[in-house]
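One structure is given below, encoded as structure tokens.
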Amino acid sequence: MHMRIFPRKIQLLFAGLLLVGSMANLVPMMAQAQSVSQTTIKREMTQALEARKSDFTLSVGSVSYHQLGVLFQNVLNSHDYLGNVIAQYGFSYLPGTLTIQVSYRENAAQYRAVVRRVGQLLATQILKKGMDAFQKEKAIHDYIITHVVYDTSLQDYTAYDALFLHQATCQGFALLTYEMLKQAGITNRIVVGTANNSFSTGSHAWNEVLLAGHWYQLDTTWDDPVPFQKNRLLYAYFNLTNAQMQADHSWQQTAYPMATTNYIATLMHASKRQDRAILQAPGLQAETPAYTFSNLTDLQRAFDQWQKNLPMTVQFRMKTQDLAQLQMLNIRGSIRYSYQTDPRDPRYSIIVLTEK
């Protein structure tokens, strides 16, 4: 069973404080307000937030307090990384001016360090010459899974924490994934919603990635084993469709691109040998017909071949209703196995079988 502890709810909204003068002063101030375009206001908001300013005042002309709140939320919604490093914010408003107070989980110096370190890692450790988007994404996924531990204390929320402390909550995983994919030239989004681990539902963040014209759901947090196992790579939440992801994740789907393409089928029919080879990764290989079993005879035949290559660790699929057949395998030596429901097809379970 894949377990996950959820962080506290992601706080993107704090409060708006409407501070106005007396009615005697209100009319002259409104009369003096200059015309300022909403485009200008959004640009200045974005620039101040990107500079990680904690307190800044904007000239807003006659734009209403309500509309200013909408503009600010639009800025956060259109800048995924920025929107997910803001802990809270507040407004102080007088007709013609708006002062915004912001607290950040990751400051400007830390973000610059993230950008530099991500660039270094991509160039020297993660990416190789000639990789296409499919290969780059897998390499980034694998690096994050093997180098970042899920923060069960729920204190570390940022890409900076993930990179330099090597631990983070889902927010940090999603932010680091976002930045690495972005610098690798891969368009992606940070999705904010909830997820259910069979025991509870809590706030959660993950990514959506654009590969060869198609969108896929990617959750590096839920592919990271808990407790951490450095050399174990999972792909249960690697490039799912919306229909597959919504089995245990919930989000406002209309706010994000639709993911409807079957990733396994795409790679099985890919024109590039290197892309088809991605399916040789153990967690993805289990999704292919050669590693999907419907009867004990075929499974025993495959198992006899696997045991010729010891030490043995193998992943495969079978119908959940047939799991009892594992007890009937003719086994030489001692093995252990674990299993979880396959998010790509809940009729099946993914079994990880290891020689003891």
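Select from the stretch 272-284 the residues that are surrounded by 12 or more Cβ atoms within 10 Å (Cβ to Cβ) and either acidic (Asp, Glu) or modelled with pLDDT of 90 or more (or both) and list them in ascending order.
Of everything in the stretch 272-284, those that are surrounded by 12 or more Cβ atoms within 10 Å (Cβ to Cβ) and either acidic (Asp, Glu) or modelled with pLDDT of 90 or more (or both) turn out to be LYS272, GLN274, ASP275, ARG276, ALA277, ILE278, LEU279, LEU284.
Yes or no: the stretch 163-174 includes at least one residue that is of a type in the set (Ser, Thr, Tyr), in the same structural domain as TYR143 (by TED's automatic domain parsing), outside any helix (DSSP H, G or I) and under 20 Å from GLU106 (Cβ atoms).
The initial filter retains those residues of the stretch 163-174 that are of a type in the set (Ser, Thr, Tyr), namely 169.
Imposing the further condition that a residue be in the same structural domain as TYR143 (by TED's automatic domain parsing) reduces the set to 169.
This time we only want the ones that are outside any helix (DSSP H, G or I), so: 169.
Restricting the remaining residues to those that are under 20 Å from GLU106 (Cβ atoms) gives 169.
Scanning the stretch 163-174, I find at least one residue that is of a type in the set (Ser, Thr, Tyr), in the same structural domain as TYR143 (by TED's automatic domain parsing), outside any helix (DSSP H, G or I) and under 20 Å from GLU106 (Cβ atoms), so the answer is yes.
Which one of these is charged (D, E, K, R) and in a strand (DSSP E or B): ARG276, ARG332, ARG317? Outline the logic, then answer.
Values: ARG276 fails: in a strand (DSSP E or B); ARG332 fails: in a strand (DSSP E or B).
So the residue among ARG276, ARG332, ARG317 that is charged (D, E, K, R) and in a strand (DSSP E or B) is ARG317.
One residue is enough: does the stretch 123-143 have a residue meeting the conditions assigned by TED's automatic domain parsing to the domain that holds ASP224, among the basic types (Lys, Arg) and without any contact (Cβ under 8 Å) to a residue 40 or more places away in the chain?
yes
Would you confirm whether any residue within the stretch 287-294 is β-branched (Val, Ile, Thr), free of Cβ contacts under 8 Å to residues at least 40 places away in the same chain and either touching a helix residue (DSSP H, G or I) at 6+ places or on another chain (Cβ under 7 Å) or closer than 23 Å to LEU181 by Cα (or both)?
yes
It is to be established whether one or more residues within the stretch 214-234 are modelled with pLDDT under 95, buried (at least 21 other Cβ atoms within 10 Å of the Cβ), outside the structural domain of HIS79 (by TED's automatic domain parsing) and touching an Asp or Glu at 6+ places or on another chain (Cβ under 6 Å). Before you say what the answer is, go through the steps one by one.
Taking the stretch 214-234 as the starting set, the residues that turn out to be modelled with pLDDT under 95 are 222-234.
Filter again for buried (at least 21 other Cβ atoms within 10 Å of the Cβ), leaving 222-224, 234.
Within this subset, residues satisfying the condition of being outside the structural domain of HIS79 (by TED's automatic domain parsing) are 222-224, 234.
Now restrict to residues that are touching an Asp or Glu at 6+ places or on another chain (Cβ under 6 Å): 234.
Yes, the stretch 214-234 has at least one match.
Tell me, yes or no, whether the stretch 303-317 has at least one residue that is in the same structural domain as TYR348 (by TED's automatic domain parsing), closer than 14 Å to ASP342 by Cβ and polar (S, T, N, Q).
Our first condition is that a residue be in the same structural domain as TYR348 (by TED's automatic domain parsing); within the stretch 303-317, this holds for 303-317.
Those left that are additionally closer than 14 Å to ASP342 by Cβ: 315-317.
Then drop every residue that is not polar (S, T, N, Q), which leaves 315.
So far as the stretch 303-317 goes, yes, one or more of its residues are in the same structural domain as TYR348 (by TED's automatic domain parsing), closer than 14 Å to ASP342 by Cβ and polar (S, T, N, Q).
Condition check: farther than 22 Å from GLU179 by Cα and outside any strand (DSSP E or B). Does LEU76 satisfy that?
When the stated conditions are applied, LEU76 does not pass them.
Yes/no matrix, rows are residues, columns are (1) surrounded by fewer than 15 Cβ atoms within 10 Å (Cβ to Cβ); (2) in the same structural domain as ASP80 (by TED's automatic domain parsing); (3) at pLDDT 85 or above; (4) charged (D, E, K, R):
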site: MET245; (1), (2), (3), (4): no, no, yes, no
site: ALA255; (1), (2), (3), (4): yes, no, yes, no
site: ALA270; (1), (2), (3), (4): no, no, yes, no
site: PHE293; (1), (2), (3), (4): no, no, yes, no
site: ASP298; (1), (2), (3), (4): yes, no, yes, yes
site: LYS319; (1), (2), (3), (4): no, no, yes, yes
site: GLY333; (1), (2), (3), (4): yes, no, no, no
site: PRO343; (1), (2), (3), (4): no, no, yes, no
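Consider GLY96 against the criteria (1) at positive phi; (2) outside the structural domain of ASN84 (by TED's automatic domain parsing): it satisfies all of them except one. Which criterion is unmet?
(2)
The values are calculated or read from the model by the stated rules, or taken from the named source; none is laboratory data. Keep in mind the model is a prediction, meaning the values are calculated, not measured. Every residue, glycine among them, receives a Cβ derived from its backbone with ideal geometry; neighbour counts consider all protein chains shown.
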